[in-house]
Amino acid sequence: MTTGAEQGEIAEVGSPVLVPGDPVDHRAPLRWATVTIATATAFLSLTNAPTAVAWVDGLTPGELTVRLRPVATAWQDATAPVNGAHRWVAARWRAAHDLRFGDEQPGEEGANDAP
Amino acid sequence: MQFPTFGFALFFLAVYIVTWALRGSNEWRKIALLMASWFFYGSWDGRFVALLFASAFVNWGLAQAIVRNDARTGRWLVVVGVVLNLAVLAGFKYTGFFLEQLAALLERWGMGRDVPLLEVFLPVGVSFFTFQAISYLVDVHRRRVPAAGLLDLSLLMSFFPHLVAGPIVRASDLLPQFRRVPRLTRGAVSAALLLILWGLLKKAVIASELAANLVDPAFHDPAHRSSFDLLIGAYGYAVQIYCDFSAYSDMAIGLAALLGYSFPRNFDQPYRARSLQDFWRRWHISLSSWLRDYLYIPLGGSRKGRARTYVNLFATMFLGGLWHGASWNFMLWGSLHGLWLGVERAAKRRWPAHWPAVPAFVGILVTFHIVVLGWIFFRAPGLDEALAYLAALGAGDWRNTLVTPLSLALVAFGLAIHAMPARGVQAIAVRVRQWPAPALGLALGALILVVDALRPAGVAPFIYYQF
């Protein structure tokens, strides 16, 4: 029988989250993880408010969405000055998206019109 | 509720806060995780939660009976358990297909009858949790794992990171972790955050972009595409399915690690495999090792003679194909892999000792193209469509009507990442764990922002949700 069957697959193939030990590993790891996640969340809530509005718009309409939408929209308006980075990256990506070698037609519409 | 969505991010933040707030009591922590997992699963369809609970309850009862009875009775109880689990899988997954085939057969024999064609709702992840339950019963019977309590077994089968698309985490990996409150390490957290970010990029950007603008149009109407379009489309699907499925595994492993649990590796740069056997040690490792341990080896493996080994290999891969779904295409896909594994084994056995070994790059190229050939059957909606794709691919029209610089670059990138050093995430995590938390949080936020800006509107479901 194989190692995986006898002792579990982690013993056989390892896990990507098991990294070689270091003293820093045990220095308040929960607080460190929580501050990291909280900082990333705060950063994204400032710079990516339109995603929250899109999420509210995608919810099944109801009492909750009626209450949430003005809050999300107001937050989007308040953070508009710092939303530029997202728009800038998206615009560059769209430009890359529109590049062509010739007159090829990618995408679903292209599938119907193709020769 | 899908991983790369705003709704899931809110859900996960809530789970993270609650479960770590409850670290004083392992039992309450596990109850909270179980409730969260059922909420997550119920977001698809509330009825599925009842199925999941019923499955956990029955398997818990069988395991308790196995340990309380002698070996002979225990063996019969395992058989009953395997049959029950497979019946659930068959009922949801294969009934419609077999009735369809029966109706077609009766029609052909001039005995056309109104066979009731069922429109069966397939509960997401049913293939994953039934396989998990089967291996649990076998492992309890063979005394590899002790029988678990109802809470632990329910959580093992329902734990939301792996619930709908794997990895198939064995009881021997997860149950010991459930017995104590887990502890984080900075290294594991760093690797987890990197895996989640890497998974987001692969799914939301690479897989989604390739699906919408290269692969779907190529497979939609292959007869009206050039051979060049279809060749790059097939390579594109190889990259898409890798980026899609490995992204799910990466995110699942990362999310579980943030809650304190380790999952096994599920992908290991599969397109750098030098043989198909090597490929299956790198692709969906939790399924291939499951099939090896609970099907191939019990069938006799390579211990019962040459002919039987080939039959066992073929049967294992054929059933592996069938596991993906009831269709002729999946059966052909599995058969192709089973046949080629046999060819490889025969070639290895007959290879003259004085001949030089096959160069590594030849092995990689041949294996990759066998895999891509299989993917055409895997992706095409039906057998006729797959054959039409292959016919058009061989037509010899090398104009480009579909491939853009961006899609070509993404295909190249998706293949190039297989040439990167192995264990890259762990190597970066070793450095990242030294960073101050605010700096890491800002970097993480900025990179997620970039990924969000690159992704198309809306994210298609993961390919493996359908299995």
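Values in this text are rule-based calculations from the coordinates and carry no lab data. Since we're looking at a predicted model, the values are computed, not measured. Positions of Cβ are backbone-derived with ideal geometry, glycine not excepted, and every protein chain shown enters the neighbour counts.
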Over all pairs of different Cα atoms in segment B:6-182, the reciprocal of the mean inverse distance gives a Kirkwood radius in Å of 17.9
Any idea what the alpha-carbon Rg over 2.2 N^0.38 Å comes to for the protein assembly as shown?
1.00
Note the angle between two axes, namely the Cα long axis of helix A:49-58 and the longest principal axis of the Cα atoms of chain A, as a number of degrees from 0 to 90, rounded to the nearest 10.
80
May I ask you to order B:49-58, B:348-357, B:368-377 by the average number of other C-beta atoms within 10 Å around their residues, highest value first?
B:368-377, B:49-58, B:348-357
Between segment B:257-301 and segment B:360-375, the alpha-carbon center distance in angstrom:
18
Enter the mean number of other protein chain beta carbons within 10 Å of the beta carbon of each residue in A:79-85, as an integer.
1
List the residues whose amide H sits under 5 Å from the amide H of B:D397, counting only those 5 or more places along or on another chain, with H placed 1.01 Å from N in the peptide plane.
B:S227, B:F228
Out of residues 5 or more away from A:S15 or on other chains, whose amide H comes under 5 Å of its own, with H placed 1.01 Å from N in the peptide plane?
B:R265
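Would you mind putting B:275-284, B:169-178 in packing order, based on average other-beta-carbon counts within 10 Å, highest first?
B:169-178, B:275-284
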Using the Kyte-Doolittle scale, find the helices of chain B whose mean hydropathy is at least -1.0 and whose Cα atoms extend 27 Å or more along the helix's long axis, counting only whole DSSP H runs.
B:46-68, B:71-93, B:227-258, B:306-324, B:328-350, B:360-379
If amide H atoms are modeled at 1.01 Å from N in the peptide plane, then the residues at a separation of 5 or more from B:A273, or on another chain, having amide H under 5 Å from its own are none
Considering all alpha-carbon pairs of chain B, what whole percent are spaced by more than 42 angstrom?
18
For peptide A:42-48, what's the mean number of Cβ atoms from other chains within 10 Å of each residue's Cβ?
5
The alpha-carbon pair-distance distribution computed for segment A:11-115, with 5 angstrom bins and whole-percent values, is 2, 9, 10, 10, 11, 11, 12, 13, 11, 7, 3, 1, 0
What does the convex hull of the alpha-carbon atoms of segment B:284-337 project to on average, in nm²?
3.6
How many nm is it between the label spots at B:R72 and B:F39, if each spot is 7 Å from the Cα in line with the beta carbon?
5.1
Chain B: relative contact order from alpha carbon pairs under 8 Å, six or more residues apart, as a whole percent, is 20
Gap separating the Cα centres of segment B:164-185 and segment B:124-155, nearest whole Å:
12
Can you give me the angle between helix A:29-47 and the longest principal axis of chain A, using Cα atoms only, in degrees from 0 to 90, rounded to the nearest 10?
0
Would you list, by chain and number, the lysines whose Cα falls below 20 Å from the Cα of B:K348, excluding same-chain residues fewer than 8 positions away?
B:K304
Restricting everything to alpha-carbon atoms, can you work out Rg to Rh for segment B:182-265 with a Kirkwood hydrodynamic radius?
1.20
Report Rg (one decimal) and Dmax (nearest whole number) for segment A:44-96, counting Cα atoms only, units Å.
12.8, 41
Apply the a/c threshold of 1.5 to the C-alpha gyration tensor of segment B:187-460 and tell me whether it is rounded, prolate or oblate.
oblate
Given the Cα-Cα distance of B:A446 and B:L99 and 0.36 nm per residue of separation, how much length would full extension add, in nm?
119.7 nm
Relative frequency of Cα-Cα separations exceeding 27 Å in segment B:310-435, percent
43
Per-pair calculated FRET efficiency, R0 = 35 Å: B:A50 and A:T65 via Cβ, rounded to 0.05:
0.80
How far, in degrees from 0 to 90, does helix A:63-78 lean away from the longest principal axis of the Cα atoms of chain A, to the nearest 10?
80
Measuring from centroid to centroid over Cα atoms, what is the spacing of segment A:72-109 and segment B:403-467 in Å?
18
